[in-house]
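Asks: Structure incoming, see below.
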């Protein structure tokens, strides 16, 4: 009963702070509400007995990512009107082709996963040689969820390259 009460109260706080993140007029206040939201999500992980995820939530999101958000908010001049200039070096067709290739790969991965789940050969179940929470997360991440993990790493790499290109004024 106490766990259910803690879960629902933390979920209500998370939803409340998420609404405040979206509706705040000041961008710095919005980022601070996001920090509090991430801390409540970490508390929710503790209630659900996922202590490793709670620590990672605090270190990575409430610590690192929010600092980057604050740097962006402080460095970007939000009161400046948008530029009407279009870059002549922009390669829209190349971007369209590359995004089509990535979409085709994601569809192929989804189709392969669906055929495996529908009636394909069942994968050999390896016994999990781990006992702790962290070891179990690592085992699942690098066996069962390897393809989504690699897709996420490729998306983060593309986002990093895009951020570098946007940050550089002259190529």
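Throughout, read-outs are computed from the coordinates displayed, never taken from laboratory work. Since we're looking at a predicted model, the values are computed, not measured.
Asks: Write down the Kirkwood hydrodynamic radius of region 2-75, to one decimal in angstroms, obtained as one divided by the mean of 1/r over all alpha carbon pairs.
Replies: Details: mean 1/r = 0.0788 Å⁻¹.
Value: 12.7 Å, from the Cα pair sum.
Asks: Please report the Cα spread of region 130-171 along all three principal axes, rounded to whole Å, starting with the longest.
Replies: Here the spans come out as 52, 18, 8 Å, largest first.
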